[in-house]
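A.B. asks: Got a structure for you, questions after.
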Amino acid sequence: MLRQLRQKKVMKKILWVLAILIIPAFVLWGATGLRDQPNHAGMVFGKKVLFSEYREAYNAVRNRALMTYGSKFYDMQEKLNLEEETWSYIIMLEEAKKKRIKVSD
């Protein structure tokens, strides 16, 4: 049995059958996985917040914390809960837009 499996012709057929079975499974599994992912990070007041908008707000919150805490920032990073602060920041910006509040330099 093992001798037959070691022959080139038999091994080649087995590899082709495995490739025909496995490759489409990965392609189909990967393709459906991409469709299930949302294109937004969340919703605020019924409006979708795109990942790019969330990332920009997160960076703003993180930079503000860096300037506030300086070298202590890295020790306090977990306690600061930057994700929650980011959502609060996004909500605050949306609320300011609704109320037409503008800030000048």
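A.B. asks: Please work out whether the chain counts as rounded, prolate or oblate from its C-alpha gyration tensor, where a ≥ b ≥ c are the square roots of the eigenvalues and a/c under 1.5 means rounded, while otherwise a/b larger than b/c means prolate and anything else oblate?
C.D. replies: prolate
A.B. asks: For the chain, take the longest principal axis of its alpha carbons; what is the angle in degrees between that and the long axis of helix 82-98, to the nearest 10 within 0 to 90?
C.D. replies: The answer is roughly 60 degrees.
A.B. asks: For the chain, take the longest principal axis of its alpha carbons; what is the angle in degrees between that and the long axis of helix 8-36, to the nearest 10 within 0 to 90?
C.D. replies: 20
A.B. asks: Sort segment 40-98 into rounded, prolate or oblate with this rule: let a ≥ b ≥ c be the square roots of the eigenvalues of the Cα gyration tensor; rounded if a/c is under 1.5, and if a/c is not under 1.5, prolate when a/b is larger than b/c, oblate otherwise.
C.D. replies: Numbers: a/c = 2.61, a/b = 2.13, b/c = 1.22.
The shape class here is prolate.
A.B. asks: Quote the charge dipole size of segment 40-98 about the Cα centre in Debye, to the nearest 20; the model charges only the Cβ of Lys and Arg (+1) and of Asp and Glu (-1).
C.D. replies: 160
A.B. asks: With an 8 Å cut-off on Cα pairs and a minimum separation of 6 or more residues, tell me the relative contact order of segment 40-98 in percent.
C.D. replies: Here the relative contact order equals 34 percent.
A.B. asks: Given Cα pairs under 8 Å that are at least 6 residues apart, what percent is the relative contact order of the chain?
C.D. replies: For the chain, the relative contact order is 18 percent.
A.B. asks: I want to verify a result. In a Gaussian network model of the chain, Cα cutoff 10 Å, which of these has the top mean-square fluctuation: Ala65, Ala25, Ala57?
C.D. replies: Ala25
A.B. asks: What are the ³J(HN,Hα) values, in whole Hz, obtained from phi via the Karplus relation 6.51 cos²θ - 1.76 cosθ + 1.60 with θ = phi - 60°, for each residue of segment 57-70 in sequence order, with x given for Gly and Pro?
C.D. replies: Residue by residue, segment 57-70 yields 5, 4, 4, 5, 5, 5, 5, 5, 5, 4, 5, 6, 9, x Hz.
A.B. asks: While we're looking at this one, here's another question. Return the lysines within reach of Lys48: Cα separation strictly under 17 angstrom, same-chain partners fewer than 8 residues apart disregarded; answer none if there are no such residues.
C.D. replies: Candidates past the 8-residue exclusion: Lys97, Lys98.
A.B. asks: Using amide H atoms built in the peptide plane, which far-off residues or other-chain residues are under 5 Å from Val49 H to H?
C.D. replies: For Val49, the qualifying residues are Ala41, Gly42, Met43, Val44.
A.B. asks: How large is ³J(HN,Hα), in whole Hz, for each residue of segment 43-56 in order, when computed from phi with the Karplus curve 6.51 cos²θ - 1.76 cosθ + 1.60 and θ = phi - 60°, using x for Gly and Pro?
C.D. replies: Coupling constants for segment 43-56: 10, 10, 6, x, 9, 6, 9, 5, 4, 5, 5, 5, 4, 5 Hz.
Just so you know, all these numbers are worked out from the coordinates, no wet-lab data involved. This is a predicted model, so every value here is computed, not measured. With ideal geometry, Cβ positions are generated from the backbone for all residues, glycine too; neighbour counts draw on all protein chains shown.
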